[in-house]
Structure formats: C-alpha cells, structure tokens
Amino acid sequence: MKLLFAAAEAFPFVKTGGLADMAHALPKALVKEGVAVETLLPLYRFVDRARFGIEPLGEGLTLEFGGKRFEVALFGCRYEGVRHTFLYEPTLCERDHPYGLGGDYPDNDLRFAIFCHAIAALATRRNADLVHLNDWHTALAALLMRDQGVAARSLFTIHNLAYQGLFEAATLKRCGIAPTHFTMEELEFYGRVNWMKGGIAYADRVTTVSPTYAQEIQTPEFGCGLEGFLRKHAAKLTGILNGIDTDLFDPAADAALPARYRVGAMGGKGRCKAAYLEEAGLKHSGWPLFIFIGRFVEQKGVDWLVEAAPKLAKMPMNLAILGEGEARWHGLLEAAAGCYDNIHLTFGYDEGLSHRMYAAADFLLMPSRFEPCGLNQMIAMRYGALPVAHSVGGLRDTVHETEARCGRGILFDTPDVSALLAAVERALSLYEKRRRYAAWRRFNMACDFSIAQTAKRYADLYRELA
Ligand code: ADP
C-alpha cells in the first residue's frame, strides 16, 4: 500500500503546534507498521535545507489553474526512516511563517490551493493508493482528486475545527475550483467558501484526533457552525486518539535536560526542577512548580489564566508560562509576571526550553476551552508532571481524576475561573500527600501515550479504505 501524507507543517522542519508533532510522529510510526509512506510538505524558505540534507529530486510539477501557471520544484530527504518530499513554489514558500506573522497572509487561499493541486497531481504520479490530508490547508485536495478522477482514496483529519479556511467567493476562480461546488452541501458557508467543508464532503473517511472531540464537534457548543454538516457525514467520521513520539519525549534520554531520570531513579527530576527555578529566577524552591506551555489564544484558556493570576499569586506555588500568540494576552501575562514573584513568563517558541520545563514541572496547567486532543498533557505525564486540565476533548480521553485508568490528573468540568482555581487547590492538597502524589506520577510515567497505538489504528483504517 502506497500512502501520501500531506501537512502544512511537520517537526523538525517547521512547527507551530500539535499538527507538526503528529505529521512527524505518525509517518515514522507507520513505517514500523509496514506502511509505505511519503510525506508532502511545503518547503518554506526558513526550512533548514542544509541541516536536513534536503536536495532537489530533479522532478517538478506544472500546475495550471485560475488563468495562471505555477511551477513546483520537488525536493526530498530521509529523516528517521521516513521519506519526505518538499514542494517549492515561491507564492507558497517565500514567507517567514507558514500562515502569517501576527495574522493570516491574505493570499493563503492561493498558497494552499497550489499545495492542494500539487497533492492531487502527485497522487496520480506516485500511483498512490491513499492520500492522508490534514486540516484545512490540504482539504481541497480531496475535492480536486474527485474532480480529476484520481484513483487514490482520501482520508481527512481534523486537527482543529476552529480553523476552517474561510475565504470570499472570489477564491473559487483564483484557486481553480469549479463554481458548481459553491453549494450548501459542499463549500458554501454563510456566503463564503469553507475549505474544511470540502475535506469533510469529499474525503472517503474523516478522522479527528480524539474520540471525545469527534463527538463534541457534532454539537453546537464545539461544532463551530459545522455541527449539522458533520452529523450529516457522521457515518464516515471517527476519532482516533493522537499520541506522542516517545523517542523524542523521553526523560531518560532527552539531551535537552540538565539531568535525566526514569521511574525508580527520579533524582534527575529534582535537579531539572532546581536548575529551571534558578534559570527562571523563581525563589520558592519548596513549592510545587506549575507550567503552562502553549499558544496565547482563548482556546487554551489563557484569559482564565490571566483572570486567575492574582489568586494564583497568593497560593504556595510557582507558575511558569511559555508561549506566544495574541498580543493582548501577552501584555496581560507580562503584567502579571511583573507583579508577582511566583509567576514567570517566557515569551516565544522554544523547543529546548519546553522540554526543560516539562522535566522541571510538578503540574501542567491546561485550562483549554476546547481541546481536539492536546499533546502537552501526554508529554507532561511522560515527564512526571500531573495535568490540571479542563475536562474536554482529548483531555477527557487521556486524564482521569478518580478512576484508575491510564493517565491520572486533576480535572475540572465547569468552564470558568473558579473551577480552575478549585482544581489548583486540589492539586496543591494532592502535592501535600507526598506518597499519593508520587504514586500518581509513577503511574503516569509508565502509561503508554505513544503514537505507535495511533499508527496501528490508522494502518487498519488505511487497509480498510484501500
Ligand atoms: P496545539 O493546539 O497548539 O496544536 P497541542 O497540545 O496539540 O496544541 O501541541 C502543542 C505542541 O507544541 C506541544 O508539543 C507543545 O510542547 C508545543 N509548544 C506549544 N507552544 C510552545 C512554545 N511556545 N515553545 C515550545 N513548544 C511549544
């Protein structure tokens, strides 16, 4: 079986969030499942070609649509056993960010249309049996493949329904999409064009990154206006729990850490915490360390965090925040960190620092309003930090407060700040019960959150489809 796996980002070449983690880890795990996979990724100008040995493949694609012609050059490399093919076309790739700095690039429709047309063309050229598409950037490839009579079947994964790829109707012509698709059953969405709808309507199967999220998005609370459309296509929708690359996230072997540790030999974790507290200038070394790592957007509950900060500042805890995102939240978090000596903020994106923080932490705060899957909580559990999380989406599937199922942590149900604060209080009292806290930590570190489980489920689905 020949599989093409297309995504707008993949670690370690380019990463803005969980999509990149999955686009790296799943193909790698699929190779171990015996699936012949080739990833398709844009070769943005900031991708480090020399570091990864990305070389021209000596082949290209000529795409013609919207009255224009686009020459796409193909590049490739092998990384951790996976064959990666990179697509270079200036409109798509000559940027400083995959989607836009401080806002979306206005021509993202054209940019990702080039990507989608190229994916459809490569499906034929590579004689693929299956094309796995991820998020709205690749969604239109499912429609194009159908229109062009491409033999390969398609699977579309929704990583986050909040980002749908919405554009004005004029986008159709410019992106080479037949105007006949502008119907309620296909791309039309309140007078605009919705790319995500195209993926849902045209892919042979649709998945989300956790079982709970697959259910939630069929309700008005989480469906972002697509709940009815998703219910209509429910027969082909499944939730497959995402997982982490346990080679990359391994406290026993992580080169980014000042000390390494494992269950039964936890001394290194104490050293990681001491080193981080020193680095961050957090003085209360006897208090538990809570961390928050993520995008500063409402989805992640960053507004609740801002509102809770004055109360958190009075509790016997340290809070360290790492992230970037909307300027208003950055400003408010910076003000909180400036006021309180037990709150520390690092603004930016820093892979190495994130690893050091997971290793240092006693608890991970994850008050997401909604969470398609969430990887942070799985990474945190592997590094021996207990999640304190809102019980939604993938958090509900991976963290359990009362049952002895895989993944222990503190959950809150009511979506508000007082429920978050009450959960933090529960975490603090758990921390006091040192033996119980240590037992939960050990239990979590031994849990299997690896992407290997996810890959098995996908391999079955591919076989069923192909
Ligand atoms: P998202 O909704 O952003 O995709 P996920 O929980 O699925 O969230 O994945 C987030 C991934 O990005 C995790 O690997 C997390 O550690 C990482 N991450 C998020 N923000 C940062 C940051 N500022 N610096 C380093 N890593 C980050």
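Throughout, read-outs are computed from the coordinates displayed, never taken from laboratory work. The structure displayed is predicted, hence computed values, not measured ones. All Cβ positions, glycine included, derive from the backbone under ideal geometry; neighbour counts span all protein chains shown.
Summarised as an ellipsoid, the chain has semi-axes of 39, 23, 21 Å, derived from the eigenvalues of the Cα gyration tensor scaled by 5 and square-rooted, with the largest first. Amide H contacts of His390: Met366, Ser368, Phe412, each under 5 Å away and 5 or more positions distant or on a separate chain (H built 1.01 Å from N in the peptide plane; Pro and chain starts excluded).
How do Arg441, Arg328 rank when sorted from fewest to most other Cβ atoms within 10 Å of their own Cβ? Mind showing how you got there, number by number?
Working: Arg441 20, Arg328 12.
Final ranking by Cβ density, sparse to dense: Arg328, Arg441.
The stretch between Arg435 and Cys339 holds 31.2 nm of extra length on full extension. This uses 0.36 nm per residue minus the Cα-Cα distance. The calculated P(r) of the stretch 250-312, using every Cα pair and 10 Å bins from 0, goes 18, 36, 31, 14 in percent. Converting phi to 3J(HN,Hα) with the Karplus coefficients 6.51, -1.76 and 1.60 and the offset θ = phi - 60°, the stretch 149-161 yields x, 5, 6, 4, 7, 10, 10, 10, 9, 8, 8, 7, 6 Hz in sequence order, with x at every glycine or proline. Working note: 222 nm ellipticity from helices only, DSSP H runs with n ≥ 4, each -39,500 (n - 2.57), summed and divided by the residues of the chain, gives -11500 deg cm²/dmol to the nearest 500. Database remark: amide H of Ile244 closer than 5 angstrom to the amide H of Ser450, Ile451 (H placed geometrically; neighbours at sequence offset of 5 or more, or on other chains; Pro and chain starts carry no H). Of the beta bridges in the chain, as assigned by DSSP with both residues counted there, near 30 percent are antiparallel. Distance between the pseudo-spin-label points of Arg83 and Glu403 (7 Å out from Cα toward the beta carbon): 4.2 nm. Full extension of the segment from Lys283 to Thr91, taken as 0.36 nm per residue of separation minus the current Cα-Cα distance, would add 64.2 nm. Per-peptide packing, taken as the mean over residues of other Cβ atoms within 10 Å, places 38-47, 221-230, 56-65 in the sequence 38-47, 221-230, 56-65 from highest down. Please enumerate, by chain and number, the lysines with C-alpha under 16 Å from the C-alpha of Lys273, excluding those fewer than 8 residues away in the same chain. Within the straight-line limit of under 16 Å, Lys273 reaches these lysines: Lys283. Partner lysines whose Cα lies under 26 Å from the Cα of Lys173, excluding those fewer than 8 positions away in the same chain, are identified as Lys68, Lys197.
Measuring r between the beta carbons of Ala234 and Tyr190 and using R0 = 25 Å, the FRET efficiency lands at 0.70. Sequence-ordered 3J(HN,Hα) estimates for the stretch 184-193 from the Karplus curve with 6.51, -1.76 and 1.60 and θ = phi - 60° stand at 4, 7, 10, 9, 6, 8, 6, x, 10, 9 Hz, glycine and proline given as x.
Relative to the compact-globule scaling 2.2 N^0.38 Å, provide the ratio for the alpha-carbon radius of gyration of the stretch 310-451.
In units of the globular-protein estimate, the stretch 310-451 measures up at 1.02.
Round to the nearest 0.05 the FRET efficiency obtained for Met1 and Arg262 when R0 = 30 Å and r is the Cβ-Cβ distance. Before the final figure, lay out each step's value.
Values: r = 37 Å, r/R0 = 1.22.
Efficiency, rounded to the nearest 0.05: 0.25.
For the stretch 23-40 versus the stretch 398-466, the inter-centroid distance based on Cα atoms is 26 Å.
Using a 10 Å cut-off around each Cβ, can you sort Cys406, Cys175 from fewest to most neighbouring Cβ atoms? List each step's numbers first, then the result.
Details: Cys406 16, Cys175 22.
Least crowded to most crowded, the residues run Cys406, Cys175.
Between the stretch 159-174 and the stretch 314-386, what is the separation of their alpha carbon centroids in Å? About 31 Å separates the Cα centre of the stretch 159-174 from the one of the stretch 314-386. Using equal-weight Cα scatterers in the Debye expression, the normalised intensity of the stretch 158-248 in log10 at q = 0.26 Å⁻¹ is -1.34.
For the stretch 195-220 versus the stretch 44-117, the spacing of their alpha-carbon centroids is 26 Å. For Glu326 paired with Asp448, estimate the spin-label separation in nm (one decimal), with each label point 7 Å from Cα along the Cα-to-Cβ line. With each label placed 7 Å out from Cα toward Cβ, I get 4.0 nm. 3J(HN,Hα) couplings calculated from phi for the stretch 214-221 with the Karplus curve 6.51 cos²θ - 1.76 cosθ + 1.60 (θ = phi - 60°) are, in sequence order, 4, 7, 4, 6, 8, 10, x, 5 Hz; Gly and Pro show x.
Each pair of Cα atoms in the stretch 48-204 enters the Kirkwood radius, and Stokes-Einstein at 20 °C and 1.002 mPa s then converts it into a translational diffusion coefficient of 132 µm²/s.
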